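Colleague: Before anything else, here's the structure in question.
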Amino acid sequence: MNTATNTQAESSLTMLCSGREARSQDHNYHPVVPSLSGSLDVSGADLVIQSSDFVQFHVHKSILASASQIFKDMFSLPQPADEIVNGLPVLHMFEDAELVLALVTMLYPIPSEIPVTYDRALSLLAASQKYDMPAIQSSIRAEISYRKLTAQSGDQAFRAYSIASRNRLLPELNTVAHLTLNYPMTLETLGSELQELEGWALRDLATFRKCRRDDIVACFESFLDVQNGPSKIWAGCPGNKFLHSTRLILPAWLSNLFRGQITELNQTFTNPLLEPSSIRKKYFAALRSHTFKDNWSPPKECEFCFCVHGRQGEEYCTELEQKLAFARDKASSALTF
């Protein structure tokens with residue numbers, strides 16, 4: 001073997017011993033790991049993989065080498081017999097048993113055991129990337145998409161962002177950053193993940209959040225433009241006649257709604273960001289207050305706005321929701337490595 005190949009193989013071996021996704025980083029997580037004995041034929045196995053939490057798996061070097069250039073390079077070097085189990089050499093991995101199990105099940109023709117939570121699935125994706133397993137990476141991403149896995153809490157969302165950022169999971173970075181918008185970006189929510197986030201990652205997430213907030217504010221401002229924007233359909237509300245103005249004016253109930261949202265958004269970027277679907281309920285509440293005297297009695301206050309809503313209100317609300325969603329969901333150059 002030439003010197004260059006030796007160097008590459010030694011570098012691969014070093015990667016196995018320097019993983020960032022060690023068991024200690026997934027706080028208070030205790031997976032229940034099923035046995036492979038009933039589903040996997042390990043006859044002829046020539047290697048024992050031991051997870052960070054001391055669970056052992058019998059596997060075949062040839063299977064690992066065919067899936068990973070890292071393992072292929074490592075097995076090309078003479079292996080020291082420092083530890084033997086059942087007559088087989090032991091390879092220690094930094095991943096816990098659940099992740100090692102998932103990787104093993106994806107290498108063999110048996111049902112895969114991919115984690116059921118989004119943050120743990122990203123940990124598995126990071127491990128497959130570390131070990132240079134492109135086919136396994138594609139399968140994990142497909143499974144995440146098929147299951148529609150997503151963060152179910154603020155802890156999961158920020159943990160997923162931490163995993164994606166420190167492992168350079170570029171395709172997932174924008175996705176998980178958007179998931180964090182549903183939760184407050186505070187010390188309480190970040191919790192233990194704060195110490196795991198690198199400085200650049202925390203800075204980029206804050207910048208990303210501000211950009212999305214500013215885009216939503218700009219969207220509301222465009223709906224305040226009664227001269228040129230979608231809200232020109234509301235010009236003519238008799239409630240504005242006392243202003244004695246020749247220019248078009250947005251009805252106060254709608255103007256107050258949008259300005260109130262802008263004020264709330266501008267107070268801080270750390271609050272959960274507005275969900276576009278929530279604006280419709282606020283719109284109806286403001287319209288009803290303006291149009292009806294009490295409950296749903298016949299319109300007495302403003303027949304004009306009542307009729308405008310009847311003709312074009314649905315299309316107006318849909319356009320507002322869509323533009324807010326576009327502003328909130330935009331990818332951002334603020335997220336970099």
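Colleague: Among the residues of the stretch 225-239, how many are touching a Pro at 6+ places or on another chain (Cβ under 7 Å) and not in a helix (DSSP H, G or I)?
Modeller: 1
Colleague: Could you please let me know if Ala151 is in a loop (DSSP other than H, G, I, E, B) and either touching a strand residue (DSSP E or B) at 6+ places or on another chain (Cβ under 7 Å) or not charged (D, E, K, R) (or both)?
Modeller: yes
Colleague: Using the structure shown, decide if Leu91 is in contact with a strand residue (DSSP E or B) (Cβ under 6 Å, 6 or more places away or on another chain) and in contact (Cβ under 8 Å) with a residue 24 or more places away in the chain.
Modeller: So Leu91 passes the test.
Colleague: Moving on to the next point. Does the stretch 72-91 include one or more residues that are closer than 28 Å to Phe158 by Cβ and part of a loop (DSSP other than H, G, I, E, B)?
Modeller: Checked the stretch 72-91: no residue is closer than 28 Å to Phe158 by Cβ and part of a loop (DSSP other than H, G, I, E, B).
Colleague: Could you run through the stretch 290-321 and say how many residues are at pLDDT 75 or above and either in contact with an Asp or Glu (Cβ under 9 Å, 6 or more places away or on another chain) or in a loop (DSSP other than H, G, I, E, B) (or both)?
Modeller: 3
Colleague: Out of contact with any Pro (no Cβ under 9 Å at 6 or more places or on another chain) and assigned to a helix (DSSP H, G or I), is that true of Ala121?
Modeller: For Ala121, the condition - out of contact with any Pro (no Cβ under 9 Å at 6 or more places or on another chain) and assigned to a helix (DSSP H, G or I) - is not met.
Colleague: Which one of these does Leu149 not meet: (1) buried (at least 19 other Cβ atoms within 10 Å of the Cβ); (2) without any contact (Cβ under 8 Å) to a residue 24 or more places away in the chain?
Modeller: So the condition that Leu149 fails would be (2).
Colleague: Has the stretch 209-224 got at least one residue that is without any contact (Cβ under 8 Å) to a residue 24 or more places away in the chain and in a helix (DSSP H, G or I)?
Modeller: Within the stretch 209-224 (the criterion being without any contact (Cβ under 8 Å) to a residue 24 or more places away in the chain and in a helix (DSSP H, G or I)), the answer is yes, since at least one residue qualifies.
Colleague: From the list Leu274, Leu324, which residue is closer than 16 Å to Asp215 by Cα, modelled with pLDDT of 95 or more, surrounded by 12 or more Cβ atoms within 10 Å (Cβ to Cβ) and assigned by TED's automatic domain parsing to the domain that holds Trp234?
Modeller: Leu324
Colleague: Right, here's the next one. What tally of residues in the stretch 193-208 results from selecting those that are surrounded by 14 or more Cβ atoms within 10 Å (Cβ to Cβ) and either touching a helix residue (DSSP H, G or I) at 6+ places or on another chain (Cβ under 9 Å) or not in a helix (DSSP H, G or I) (or both)?
Modeller: Number satisfying all stated conditions: 8.
Matching residues to (1) outside any loop (DSSP other than H, G, I, E, B); (2) under 25 Å from the mean Cα position of the chain (by Cα); (3) free of Cβ contacts under 8 Å to residues at least 24 places away in the same chain:
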site: Gly260; (1), (2), (3): yes, no, yes
site: Leu274; (1), (2), (3): no, yes, no
site: Ser277; (1), (2), (3): yes, yes, no
site: Phe284; (1), (2), (3): yes, no, yes
site: Arg288; (1), (2), (3): yes, no, yes
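The values are calculated or read from the model by the stated rules, or taken from the named source; none is laboratory data. Not measured: the values here are computed from a predicted model. Counting neighbours? That spans all protein chains shown, and the Cβs are built from the backbone with ideal geometry, glycine included.
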